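All of the numbers you see were taken from the coordinates with simple rules; none came from a lab. No experiment lies behind these values; they were computed from the predicted model shown. So basically every Cβ, Gly included, is an ideal-geometry build from the backbone, and we count neighbours across all protein chains shown.
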Amino acid sequence: MPEVFNWQIGRTMSYPYEEAHPEWQFAFVFNTNRCIGCQSCTMACKSTWTFSKGQEHMWWNNVETKPYGGYPQYWDVKLLSMLEAVNPGGQRWAPDRSGKGPYGRFDGLTIFEAAEKTGGNGAQQRALGYLPADEEWRHPNFYEDTAKGPRGEPGGIVHKDGVSLPEHSTWFFYLQRLCNHCTYPACLAACPRNAIYKRREDGIVLIDQERCRGYRKCVEACPYKKPMFRATTGTSEKCIACYPRIEGRDPLSGGEPMEARCMVACVGQIRLQGLVKIEKDGTWAEQPKNPLYYLIRVAQVALPLYPQFGTEPNGFYIPPRWVPRPYLRQMFGPGVDRAIEAYECPSRELMAVLQLFRKSRQIVFSFEIEPGKKVYERTLRDGRKYELWNDTVIALDRRGREIFRTAVEEPFHVRPAMYVNSF
Ligand code: SF4
Ligand code: SF4
Ligand code: F3S
């Protein structure tokens, strides 16, 4: 197989196709600390794209409760176990010495390399994977709101003595999931019909419904299990990144690129989606004033989901700060400690950028900050000094025009006396 460079694992890896990169890449950051599990995103997607016959089981966007929930059931545990079986004890990270891997270098096997090692499971598999059984898709909210108790069992029992940060012993968190529009998509690599393609203009990964013949190799290979088979058409379907909106073709957009439906519907204001500029060699063009570039590459507060799978996913997560670190490290890689440190004690710039989430439907291409007054300061339990500045952050569109501006401190409204105690 050709060798391609994957920055998230800090090294080159085998992939069935030569490197080819889009000009821009659809990407998103989710702040898991803020998600309330309301499923508004899930229903926004469902009511837009998957409400038809044969799509009943399809949830292109889903929100599952970790550690036990999953759609399809146990998708990540199953794949992690398969990788461990192929490479026992070897799925490890090492420090990066090349300066190219912000999270370190993954020395284990990616799903592509594991398939190579096993000889493709005797069935010409291009990526290690499995086809979930029908019943595994049936309960998208399996184990919803179920915490891990102090003795490691699901449900019911809470820690009697109470605990405090940095880690809770009774915990769960919501994991928001959709297709990651990966740089090295396993679905695309696995399709024998070449029915899956990645768009040059925005990196969105699509299944050509005319070419698809329902082989389901994409379902088997995607480590995130995001292509889904539709029996009524005999083809597979997946998240299309709401591409008409990204292209600015939605009637509401006024011709400007708009965020996807699941992003815009987010009540908890945890989602920020946009486009990052990609150089010809696949590196991210240096754009420190692009909010996604800033959060992912500068502040390094948002991390990819299971980077060790090797598809270079373009969805990034601010990890939940109360969850035991070993669990988070296996899920988001070794960047977890630095990311939580940055989130707990945000820099002045990070605090301003965090205000950009969900103030507009339009994609924010860059930001500016106007300095304000210091409004608060304290020393954290680990001795770090935290200062809050009421700066104003200005969101700009792709042509540098202002979309909105907002301050760090939320405005304080006093209810007029005539409305006191009334609704
Ligand atoms: Fe393909 Fe899965 Fe990556 Fe989406 S998440 S691009 S379906 S491999
Ligand atoms: Fe659904 Fe669009 Fe979100 Fe994809 S981007 S999960 S199609 S709402
Ligand atoms: Fe290919 Fe998946 Fe269709 S493997 S043929 S895109 S079901």
Order 272-284, 133-145 from most to least packed using the mean count of other Cβ atoms within 10 Å. 272-284, 133-145
For V375, what charge total do you get from the other residues with a beta carbon under 14 Å from its beta carbon, if Lys and Arg give +1 and Asp and Glu give -1? -1
Within the stretch 70-99: backbone nitrogen closer than 16 Å to the E341 label point (7 Å, Cα to C-beta): 95-96
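Let me know the charge dipole size of the chain about its Cα centre in debye, to the nearest 20, where only the beta-carbon of Lys, Arg (+1) and Asp, Glu (-1) is charged. Display every interim value, and only then the final one.
Numbers: 56 positive and 48 negative charges, 62 e Å.
So the dipole magnitude of the chain works out to roughly 300 debye.
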Which value, to two decimals, describes the C-alpha radius of gyration of the stretch 348-407 once divided by 2.2 N^0.38 Å? 1.30
Selected from L356, F367, L396, residue furthest toward positive end of dipole (the stretch 348-407; charges at beta carbon): L356
For the chain, just say rounded, prolate or oblate: build the C-alpha gyration tensor, square-root its eigenvalues into a ≥ b ≥ c, call rounded for a/c under 1.5, and beyond that prolate if a/b exceeds b/c, oblate if not. rounded
Taking the Cβ of R213 as the centre, find all other residues whose Cβ is under 13 Å away and add up their charges (Lys, Arg: +1; Asp, Glu: -1). +3
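Which of the peptides 34-43, 243-252, 396-405, 167-176 is most tightly packed, and how do the rest follow, judged by the mean count of other Cβ atoms within 10 Å per residue?
The most tightly packed comes first, giving 167-176, 34-43, 243-252, 396-405.
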Highest first, please rank the peptides 410-418, 44-52, 104-112, 177-185 by the mean number of other Cβ atoms sitting within 10 Å of their residues. 177-185, 104-112, 44-52, 410-418
GluC sites (Glu not before Pro) within the stretch 176-222, DSSP loop, no more than 10 other Cβ atoms inside 10 Å: E210
Taking a ≥ b ≥ c as the square roots of the Cα gyration tensor eigenvalues, with a/c under 1.5 meaning rounded and otherwise prolate when a/b beats b/c, else oblate, which class fits the stretch 219-334? oblate
